[in-house]
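One structure is given below, encoded as structure tokens.
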Amino acid sequence: MSSWEPQSKKRRLDTDSGVGNGILNTKERFKPTSARDWTISIAVPTSIITSCVTREQRTTAAGSIARALAIFSVDEVVIFDDSPIEQRPRNFDPDAYTGDIEPAHFLEHLLNYLETPPFMRKVLFPIHPNLKSQGLLHGLDMPHHPHKDEWLPYREGLTLEAPPRSGKGTAVDIGMPETVTISEDIPPKTRVTLKMPDDSQGKPEPVNPAEPRTEGGYFWGYSVRKAKSLSDVFTSSAYEDGYDLSIGTSERGVPLSKVFPNHNQTATFNHMLIVFGGPRGLEFAAMNDPDLGQMGIHGARTKELFDHWVNVLPNQGTRGIRTDESLLIALTALRRLWDNS
């Protein structure tokens, strides 16, 4: 799947007749918050699904992660491989892969599938073994997953092969009965973000995919990134200056109430990262990271990778908490750090 980002100079678009008339005066279901440049990222290990027995269990685990990302407006999820080096696939080609589940590709595939607006999925996600149990997945219903009776100032669109009515530019499906036409010549099956006009006389225009968040104040889905190891989560960050606030979660960490004792406390950051371990914890991920091994970081020293090493649920009533459960618990507890940021 490819997505399109505009050049610095924005161009105008032409709309087909009638487009927008049915949605411009409808009630807005999602209310924008303050526009924000700061982001929230989480990182999860591949072992969260390798410990599952069946494909159905792995599918529902991925779906639970996606639901947590959507509910808490998480902007990025990083999938890192915490398996022993000798067990990791080599020369893996996802396009040619037809065998059993490869954990990192499986998680990336399903999380991207669920983040994509439903009307685009049939085109962008052809039949694949990873999607055999997709019927078990619950919809995310995020702001950029449009309802036909709802208007929002932004829309996600998919460029089409069929020429527009005007014969120039590119026709774009925005999940409405009518398409829009953009003046750019963009290859088909490309996802674009459009800013919609305030009235039927205006024209939509293409914008950077981050603009709904940075200027409109809307949560606009999450991005998915794969990392080859725990250390790679940090060193291959998509943000130029990396993450300036990192939190590692562990049952061996300091209780959150002691790390951030003030209930009304907020955190100052540009890009926050919250990292979760698998069934054997983040220490297991550090143990299987050759770069960290060369630095002598393993076992109890794993906490040195993070600004804060926290236990979000001390005195738990079970021997272990699944990562998908830990996500909901941790994000509920930590959300106060950025709610008023």
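The values are calculated or read from the model by the stated rules, or taken from the named source; none is laboratory data. For clarity, every value in this text was computed on a predicted model and none was experimentally measured. Counting neighbours? That spans all protein chains shown, and the Cβs are built from the backbone with ideal geometry, glycine included. Side chains included, ligands, DNA and RNA excluded: accessible areas come from the protein's heavy atoms. Shrake-Rupley method; radii C 1.70, N 1.55, O 1.52, S 1.80 Å.
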Of THR266, VAL233, GLY139, whose Cα points farthest to the positive end of the dipole of the chain (charges on the beta-carbon: +1 Lys, Arg; -1 Asp, Glu; origin at the Cα centre)?
GLY139
Quick one: angle between helix 323-334 and the longest Cα principal axis of the chain, in degrees between 0 and 90, rounded to 10, please.
80 degrees
Cα-based shape type of the stretch 113-167, given that a ≥ b ≥ c are square roots of the gyration tensor eigenvalues and the cut on a/c is 1.5:
oblate
Using a Förster radius of 30 Å, what is the FRET efficiency between HIS147 and ARG280 based on their Cβ-Cβ separation? Nearest 0.05, please.
0.10
Counting other Cβ atoms within 10 Å, keep those with at most 16, restrict to DSSP loop, and tell me which GluC sites (Glu not before Pro) in the stretch 69-176 are left.
GLU150, GLU161
Along its three principal axes, how long is the stretch 201-330 when you only count alpha carbons? Whole Å, largest extent first please.
61, 37, 26
So how long is each side of the chain along the principal axes, counting just the alpha-carbon atoms, biggest first, in Å?
64, 49, 36
Kirkwood Rh, the stretch 272-318, all Cα pairs: how many Å?
11.7 Å
Dipole magnitude of the stretch 33-94 about its Cα centre, charges +1 at Lys/Arg Cβ and -1 at Asp/Glu Cβ only, in debye to the nearest 20?
200 debye
Kirkwood Rh and Cα-based Rg: tell me the resulting Rg over Rh for the stretch 88-188, rounded to two decimals.
1.05
0 to 90° range, to nearest 10: angle between helix 55-71 axis and the chain longest Cα axis
70 degrees
Counting only protein heavy atoms and a 1.4 Å probe, tell me what percentage of the chain's accessible area is made up of carbon and sulfur.
48 percent
When the chain is treated as a GNM, springs tying every alpha-carbon pair under 10 Å, which of ASP185, ASP324, ASP82 comes out with the largest mean-square fluctuation?
ASP185
Let me have the 222 nm mean residue ellipticity of the chain computed from DSSP H runs of 4+ only, each contributing -39500 (n - 2.57), with the sum over all residues rounded to the nearest 500.
-6500 deg cm²/dmol
Can you list residues whose amide H is under 5 Å from GLY253's amide H, if they're 5+ apart or on another chain and H is modeled 1.01 Å from N?
ASN311
Multiply the residue gap between LYS168 and LEU124 by 0.36 nm, knock off their C-alpha separation, and tell me the result in nm, one decimal place.
13.5 nm
Rh (Kirkwood; distinct C-alpha pairs) - the stretch 181-267, Å
17.8 Å
If you fit an axis through the alpha-carbon atoms of helix 103-115 and take the longest principal axis of the Cα set of the chain, what angle between them do you get, 0 to 90°, nearest 10?
40 degrees
Sorting check: for 38-45, 118-125, which peptide has the highest mean count of neighbouring beta carbons within 10 Å, and how do the rest follow?
38-45, 118-125
R0 of 35 Å, Cβ-Cβ distance ASP199-ASP37: FRET efficiency to nearest 0.05
0.75
May I ask what percent, to the nearest 5, of DSSP beta bridges between residues of the chain are antiparallel?
40 percent
